[in-house]
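Structure first, commentary second.
We did not get these values from a lab; they are worked out from the coordinates using the rules stated. All of these numbers come straight from a predicted model, not from anything done at the bench. Cβ placement follows ideal geometry from the backbone for every residue including glycine, while neighbour counts extend to all protein chains displayed.
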2 protein chains.
Amino acid sequence: MSESAVPPAPDIDPDRDPEREAATKAQVLAAAERLFALHGFQNVSVRDITAEAGVNLASVNYHFGSKDALLFEIFRRRTAELNRERARMLHEADDRHGGKPPVREILQALFEPPMRWSKPDSERRISVQFIIRARSEGTEAMREVLRTDVSHLRRFADALMAARPELAPEDVYWRLHFCLGMVHNNRFAEFDRLHTLSDGLTRESDTDALLRRMLDFAEAGFLA
Amino acid sequence: MSESAVPPAPDIDPDRDPEREAATKAQVLAAAERLFALHGFQNVSVRDITAEAGVNLASVNYHFGSKDALLFEIFRRRTAELNRERARMLHEADDRHGGKPPVREILQALFEPPMRWSKPDSERRISVQFIIRARSEGTEAMREVLRTDVSHLRRFADALMAARPELAPEDVYWRLHFCLGMVHNNRFAEFDRLHTLSDGLTRESDTDALLRRMLDFAEAGFLA
DNA sequence: GCCCCATTCAAATGACTGTTTGACGCCGAG
DNA sequence: CTCGGCGTCAAACAGTCATTTGAATGGGGC
């Protein structure tokens, strides 16, 4: 039901999804993600979204059921992407080191995906901000998922425990918590604050250097 | 209506402020801080606040001018308290070490106040949650302050640069940023997530142990 | 004893919210 | 050509919101 007015040129469109998305639906998704990431969930109205997307007001409820469902749909897609990429990198590190990768490579699998997506020219830059914002401003449904679905983190916790078997499990869990805090703190507003404090010395734009700094800091913390 | 009859004993009240606060005003402040900390700024209406406080709806606008101004007033008080306490601890560490305290004591001055206030029986427990929430959900006025007023952090940055003179200033700024991220990540929701992941192994209630863990992790990161 | 002023109160105001409605257009199948 | 239905549209709906209003209250200063 999602698509049927799209097929003007259905078999020529080069970048269509397996599940072809109506142009309206895609535009709403893109506009909503952008506005939510920039201004917060509660500060963006359905009217703002449809105006930005250039579609009718009723489109959101027609295609997604409700504003909250739209939010959740974006959230679902983006967290799935992020978790998949992190799992992929952890798996590769596993392969490289016969199932027991060192701490730094485990942390790199955790840090690099959001950092790579945050590069200034990346089209996913806004998605990372959306995900980070979802953590503190999301709807109840989103928070429920964040609170209870931790399966993607279990692999990381296990890998870290294997890499540092002398650490008590609770130490590993806490330090993983600290590392996640480092990532979630990478919001535009926090960079602004740091930029003010350092009088422009810290350029957020160099994400490769930032990733290296984060790894240096977190790795040392884990080896303490 | 609760009582304008507060001033019956105005000069006997032992714990009155220099600027005596009407009972209504104080009740609104307390109720607002509590509700905002627990449910978020946008999810709490003026009606919720006045109902919780047991005062009339118009009280908020009468005493504070607007909902946003009430928010800002709480924010202003709490951040001032926190900054004052952190500065005090840093100053004491300065005195103890002749002006050049070690990294760990500097970080302790940064971490301990919010941790101490987060103890389960502390009446300021809710204030810490309010401050943390303000960082990501605050009004534009609050975010403006957070972005531009960094004077209280400059002392910490300077102290850290003195303690580790071989580090480039930008390294110090970034690592301070990471440390602040660790603190700001201490929200109830994040503890829930960690609790789920560790299957109850991590007890958030032991704030002394948590502070020690944070210091171990952050100190190692700074000495890297 | 009387007035003034700060405070409190119930009620209303107006703006904005997410959502629903029913008509309309338009494409493809039969 | 005709019909079915999907998608779009403007308009309306119902609810909530922060804020304002003007009257009522009650105590302190004279």
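Quick notes
- Projected over all directions and averaged, the alpha-carbon convex hull of chain A occupies 14.9 nm².
- For the range B:181-224, the spread of Cα positions along each principal axis, largest first, Å: 32, 18, 16
- Ordered from longest to shortest, the equivalent ellipsoid semi-axes for the range A:24-154 are 32, 15, 12 Å, each the square root of 5 times a Cα gyration tensor eigenvalue.
- Mean partner shielding of peptide B:37-43, defined as the number of other chain Cβ atoms within 10 Å of each residue Cβ, is 2.
- Contact order relative to length of chain B, as percent, for alpha carbon pairs under 8 angstrom and 6 or more apart: 20 percent
- Stokes-Einstein diffusion for the range B:67-117 at 10 °C, viscosity 1.306 mPa s, with a Kirkwood radius from C-alpha pairs, works out to 133 µm²/s.
- Taking a Cβ cut-off of under 11 Å around A:Phe191, the surrounding Lys, Arg, Asp and Glu residues balance to a net charge of +1, with basic ones at +1 and acidic ones at -1.
- Inter-copy label distances at A:Arg47, shortest first and taken from points set 7 Å along Cα to Cβ: 2.0 nm.
- Mean-position separation - Cα centroids, the range B:21-53 and the range B:147-224, in angstrom: 30 Å
- Estimated distance in nm for a label pair at B:Arg88 and B:Asp121, the labels positioned 7 Å out from Cα along Cα-to-Cβ: 2.0 nm
- A point 7 Å from Cα along Cα→Cβ stands in for A:Gly99, and the other copies hold the same point at 5.9 nm, listed in rising order.
- Seen from A:Pro102, the other residues with C-beta closer than 11 Å to its C-beta sum to a net charge of +2, counting Lys and Arg as +1 and Asp and Glu as -1.
- Each copy carries a label point for B:Ala23 at 7 Å from Cα along the beta-carbon vector; from one copy to the others these points are 6.6 nm apart, nearest first.
- Shielding by other protein chains, B:184-197, mean Cβ within 10 Å: 6
- Only helices enter this figure: runs of n ≥ 4 DSSP H residues, each worth -39500 (n - 2.57), summed and divided by the residues of the protein assembly as shown, yield -22000 deg cm²/dmol at 222 nm to the nearest 500.
- Shape descriptor for the range A:109-224: Rg over Rh equals 0.99 (Cα atoms; Rh from the Kirkwood inverse mean 1/r).
- Degrees, to the nearest 10: A:67-96 long Cα axis against longest axis of chain A: 40 degrees
- Modelled spin labels at B:Ala23 and A:Arg76, positioned 7 Å past Cα toward Cβ, are 5.2 nm from each other.
- Kirkwood Rh, angstrom, the protein assembly as shown [1 / mean 1/r, Cα pairs]: 24.0 Å
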